[in-house]
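No value in this document is a laboratory result; all are computed from the given coordinates. All values derive from a computational prediction rather than experimental measurement. All Cβ positions, even for glycine, are placed from backbone atoms using ideal geometry, and neighbour counts span all protein chains on display.
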């Protein structure tokens, strides 16, 4: 048992009327025990207890499912201490709640308490979220010192209209009747019907009985949605739309197009249609024989002469069990086939003999003509087999082009597929991007490119010193890392169709730049240059000074001798000397010691040549 009290004798905001909170348990328990004892002592003398009839009011007057009802009391002022609410009869098992009046202000719950009942002010009772099984009699008793009161009220919980449902067939064959049934939950529900959202008036083709709707005879216009509306005095609800489909047909089928004459080898395309629900199944017949591979509305067939006759389209509705047919007679007119020219595309070697064949009807009524690039035919041709064969005796570049043959008869003409003939020639004059003898530094990368005019495109092969190299493209890349890489490099171009070949070669000579011109620093190069120039200038000055002194000495000697000629000696000038003012050519040999820092040598280093510099000095 739970005990409740009000704090300070007041309800907090949000508490239901009459609802109180826990109080001091000991005091309330003592009071109840004492009061119960006094009542027990007074039971034998009921005549001394004042009896009161208590009136119970229901608010609102109609109890609705899911709503709240408030049971309030009306009684004359009396010294009541507490009251009890019961569901059914006032026995302990049916007790819902006990409410203690001021000054105690507390309440306790009983076995019939559901959690939805709340005691209110003045012993009133709130029942929330009413259920249909809450319907019944509710009893209240009130007690106090020498007073006793009792009252009861009957509640009928009315159910709202819920779960409105339509049952019945979803499809029916045209002209057949159909019945729908409506059901729902709720109190005293009545029903009405809507077709496509519009109310249905009973009468004519519609029969409305209780909660049933019957269509006495259905037509295609009855294919729509049907809705049941349930309502009572205080609520209403609608069902989900129930869709009705009407099956009908097939009506008389139609074959299109209505063309009746076709050319041989043309394609027949026929379409069959028929009004039907559900869509009809199709089958096709030729002269009464079922065409097994054609079971839809579209018939496609390649026509031969034996395909002439009556084409029948049969349509069947599997739901109605009905079928219908349509017939179209087809005639086939023989048509000249398109000639086949072969070979279709070819490479032809220069000066070769080549033949084209035009495959067409062998009938003598069919004539064959030829054309090349839509121009008059060349003269070096031969025709045979009634112009079905064309031979080019000696194929040349002017013979290359697009050839066609045309077959003609009284009903028309047909032109063959084109045959493209291409002259195969070459390769002509293979060429390398470098020619003759070329010098390359040891360790460099050699790149050679080869080209040759050829149809079809030439294939390339490379040789080194007449040995096959692994290069097969038009470009050869070689890393010249050894002296053995020096030699003759040859490109050979071959026409894969004619197998003719042509070649071009280049000789690669390797040089060692590091041995001929050892690397020097900038300072060393500058010093060497300045020293060389200074040496040459110094030599010129020395020679000039010597020449000047010799000339002066000769003049003095000549003057001292009185111009007497002396016999020539081996150290004296002869008549073969040049005139005064001229000097013989003098040669000066300068030897340089080319010492450089050690350099790494290749596998097979070549010897270096010593250098000699000649200097010519001439004075006039």
Worksheet item: What's the FRET efficiency of residue 154 with residue 116 using the Cβ-Cβ distance as r and R₀ = 22 Å, to the nearest 0.05?
Response: 0.75
Item to complete: Quote the FRET efficiency, to the nearest 0.05, computed for residue 62 versus residue 92 with a Förster distance R0 of 30 Å and r equal to the Cβ-Cβ distance.
Response: 0.45
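Once you have the Cα-Cα distance between residue 542 and residue 146, take 0.36 nm times their residue separation minus that, and quote the gain in nm to one decimal. Show your work: numbers first, answer last.
Details: separation 396, 0.36 × 396 = 142.56 nm, distance 16.76 nm.
So the extension gain works out to 125.8 nm.
Quote the relative contact order of the range 425-511 in percent (integer), defining contacts as alpha-carbon pairs under 8 Å separated by 6+ residues. Please list the in-between numbers first.
On the way: 222 pairs, mean separation 35.4, N = 87.
Normalised by residue count, the contact order of the range 425-511 is 41 percent.
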Fill in: Extension gain from residue 391 to residue 198, taking 0.36 nm per residue of separation minus the Cα-Cα distance
60.9 nm
Response to the item:
Note to self: Kirkwood Rh of the range 340-417, Cα pairs, one decimal, Å, is 13.0
Worksheet entry | Gyration tensor verdict on the range 425-511 (Cα atoms; rounded if a/c is under 1.5, prolate if a/b is larger than b/c, oblate otherwise) | prolate
Fill in: Sequence of 65, 439, 350 once ranked by neighbouring C-beta atoms within 10 Å, starting from the fewest
439, 350, 65
Practice prompt. Determine the shape class of the range 243-392: with a ≥ b ≥ c the square roots of the Cα gyration tensor eigenvalues, call it rounded for a/c under 1.5, and otherwise prolate if a/b is greater than b/c, oblate otherwise.
Written response: prolate
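Multiplying the sequence separation of residue 217 and residue 530 by 0.36 nm and subtracting their Cα-Cα distance, what value in nm do you get?
Values: separation 313, 0.36 × 313 = 112.68 nm, distance 12.91 nm.
Residue separation times 0.36 nm, minus the Cα-Cα distance, leaves 99.8 nm.
Among 281, 74, 48, what is the fewest-to-most ranking by other Cβ atoms within 10 Å?
Values: 281 16, 74 11, 48 8.
Neighbour counts put them in this order, fewest first: 48, 74, 281.
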